[in-house]
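Visitor: Pasting in a structure now, in structure tokens, and then I'll have a few things to ask.
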Amino acid sequence: MSVTVILAALDEAANIGPVVRGCLPHVDEVLVVDDGSTDDTAAIAARAGARVISLSRNRGKGVAVRRGAIEASGDVLVFMDADGQDDPEDLPVLLLALERADMVIGSRFMGRFEADAITPLHAWGNKALTRLVNVLFGAHLTDTQAGFRAIGRERFLSADVAATGYDVEVDLVTSILRAGGRIIEVPVTRRARTSGRSHLRTVRDGSRIALRIGWRRLRA
Ligand SMILES: Nc1nc2c(ncn2[C@@H]2O[C@H](COP(=O)(O)OP(=O)(O)OP(=O)(O)O)[C@@H](O)[C@H]2O)c(=O)[nH]1
Ligand SMILES: [Mg+2]
């Protein structure tokens, strides 16, 4: 099975090089979807050894993730953050677990957060959103919002994933749960962002994700 790591990236020039170089020894392809960055993300990623797709303007993480899945050459996809918060050394654990599941999530809450990797508010918000998914979809997950995931490419492409922003994680999880698929979580280490800033806007994105979870349940 060939493996593609997909890095959705927005203005991550300061972080993306080491992430690409860290992933390359573990996989067959690293695909960066540069989403209208205004810095040198695309050039630095390409220099580090990634294949780069540059979108002409910023369309959101969900759009970038889907575009990456369509373009990837691997049979297996691994989605990771491009800001260095996910550790490429955790890749083998996710890939091994995928032999027993439809999707594997790298759970930050089963693993650990390094110092300054998350604010107390975001930790609370992530747990609340996870609980909402568990209650509405009868699941027992610990980290439904983690972007660090492995899934077969065909399985991803057949999933009902339409969200354009950070709510893309909800669509993927709920689509698999609704289809009776198996999701396994493995513990990962979540690091602090070394440079740049998070694009997540707590209230706007958090409420959008919560609404998306409710809407997906109503449609189920
Ligand atoms: N393609 C694309 N990627 C994005 C966009 N917004 C964020 N990302 C990427 O998605 C990943 C996670 O984004 P962050 O803003 O760090 O959010 P987060 O890590 O979930 O939240 P924090 O814990 O606050 O850092 C990073 O690799 C970003 O570059 C976007 O609009 N388009
Ligand atoms: Mg981040």
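All of the numbers you see were taken from the coordinates with simple rules; none came from a lab. Worth saying up front: this structure is predicted, and the values here are computed from it rather than measured. When we count neighbours, we look across all protein chains shown, and the Cβ atoms used for this are built from the backbone with ideal geometry, even at glycine.
Visitor: Contact order normalised by length for region 65-213, with contacts defined as Cα pairs under 8 Å and 6 or more residues apart; what percent is it?
Guide: Details: 229 pairs, mean separation 58.1, N = 149.
39 percent.
Visitor: Further, regarding this structure: Report the residues of region 8-43 in range of a label on LEU96: point 7 Å along Cα→C-beta, backbone N strictly under 16 Å from it.
Guide: Those under the cut-off are 26-27.
Visitor: Follow-up question, since we're still on this one. Can you give the calculated 222 nm mean residue ellipticity of the chain, where each DSSP H run of n ≥ 4 adds -39,500 (n - 2.57) and the sum is split over every residue, rounded to the nearest 500 deg cm²/dmol? Write down the numbers at each step before the final one.
Guide: Numbers: 8 runs with 87 residues, N = 220.
Only helices count here, giving -12000 deg cm²/dmol.
Visitor: Could you work out how far the C-alpha centroid of region 171-202 sits from that of region 88-135, in angstrom?
Guide: Answer, in whole Å: 6.
Visitor: For the ranges 87-95, 48-56, 63-71, what's the packing order if you count other beta-carbon atoms within 10 Å of each residue, average per peptide, and put the highest first?
Guide: Numbers: 87-95: 18.6, 48-56: 17.0, 63-71: 20.1.
Ranking, from highest mean packing down: 63-71, 87-95, 48-56.
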